[in-house]
Each structure stands twice: as structure tokens, then as C-alpha cells.
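I have placed the structure first, in the form of C-alpha cells, so that the comments after it can refer back to it.
Readers should treat all values here as calculations from the given coordinates under stated rules, not as data from a laboratory. As the structure is a computational prediction, the values presented were derived from the model and not from experiment. As a convention, Cβ positions derive from the backbone with ideal geometry for all residues, glycine included, and neighbour counts pool all protein chains shown.
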Amino acid sequence: MQDVFRELTITVLAKRFISPFESSDLVKWSIEILKLEVECTDLYILTGLDHENTFVREKYFLRS
């Protein structure tokens with residue numbers, strides 16, 4: 001499980017530095033992490049931020 005978590009997280013972090021970055025990838029990441037049975041309030045919030053801006057999504061991503 002930790003290997004999958006690490007791989008998903010490294011992938012989304014790398015995408016943040018590639019232009020153009022789609023912050024919707026952060027929402028997709030949070031869904032995949034929740035499927036691994038990792039529980040965190042900020043993950044649940046991030047999962048529901050489909051229509052928010054990048055700033056808000058990144059805030060919850062960094063907190064989770």
C-alpha cells in the first residue's frame with residue numbers, strides 16, 4: 001500500500017511542475033488515496049472539490 005501511495009503522490013507532485021498543470025489531478029489523486037483506505041478529513045474535502053479553483057485544491061492537497 002505504501003508503494004502505491006508513494007507512486008501516486010510522486011506522480012501528482014511531478015505533474016504540478018509541468019505546464020500546463022490540471023489541478024483536477026489533485027482531486028483524482030485524493031480519490032485513489034481514499035481507495036487505499038487512507039482516511040483524512042482533508043482528503044475527503046479535496047475529493048469534493050471538482051469545481052473549485054487551483055488555489056483551494058492545492059491547499060487541501062498540501063494539508064493531506
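What tally of residues in region 24-42 results from selecting those that are part of a loop (DSSP other than H, G, I, E, B) and over 16 Å from R63 (Cα atoms)?
The number of residues fulfilling the criteria is 2.
Exactly one of these conditions fails for L62: (1) under 12 Å from the mean Cα position of the chain (by Cα); (2) assigned to a helix (DSSP H, G or I); (3) surrounded by 11 or more Cβ atoms within 10 Å (Cβ to Cβ). Give me its number.
All conditions are met except number (3).
Regarding S19, is this residue touching a residue at least 24 places away in the same chain (Cβ under 8 Å) and small (G, A, S)?
Taking the combined requirement at face value, the residue does not satisfy it.
Considering only region 29-56, state which residues are more than 19 Å from M1 (Cα to Cα), surrounded by 15 or more Cβ atoms within 10 Å (Cβ to Cβ) and of a type in the set (D, E).
E52
Does region 4-21 contain any residue that is among the acidic types (D, E) and within 11 Å of the chain's Cα centre (by Cα)?
Here is the first cut: in region 4-21, the residues among the acidic types (D, E) are 7.
Then drop every residue that is not within 11 Å of the chain's Cα centre (by Cα), which leaves none.
Scanning region 4-21 turns up no residue that is among the acidic types (D, E) and within 11 Å of the chain's Cα centre (by Cα).
Tally the residues that are among the hydrophobic types (A, V, I, L, M, F, W, C) and free of Cβ contacts under 8 Å to residues at least 24 places away in the same chain, restricting the search to region 22-45.
4
Where residues in region 43-57 are over 10 Å from the mean Cα position of the chain (by Cα) and not in a loop (DSSP other than H, G, I, E, B), which of them is nearest to S23 (Cα to Cα)?
Only one residue fits best here, namely T54.
I10 is checked against (1) assigned to a helix (DSSP H, G or I); (2) among the hydrophobic types (A, V, I, L, M, F, W, C); (3) touching a helix residue (DSSP H, G or I) at 6+ places or on another chain (Cβ under 9 Å) and fails just one. What number does that condition carry?
All conditions pass for I10, except number (3).
Take region 1-23 and flag every residue that is farther than 15 Å from R63 by Cβ and hydroxyl-bearing (S, T, Y).
T11, S19
Can you say whether F21 is outside any helix (DSSP H, G or I) and surrounded by 11 or more Cβ atoms within 10 Å (Cβ to Cβ), as far as the supplied structure shows?
yes
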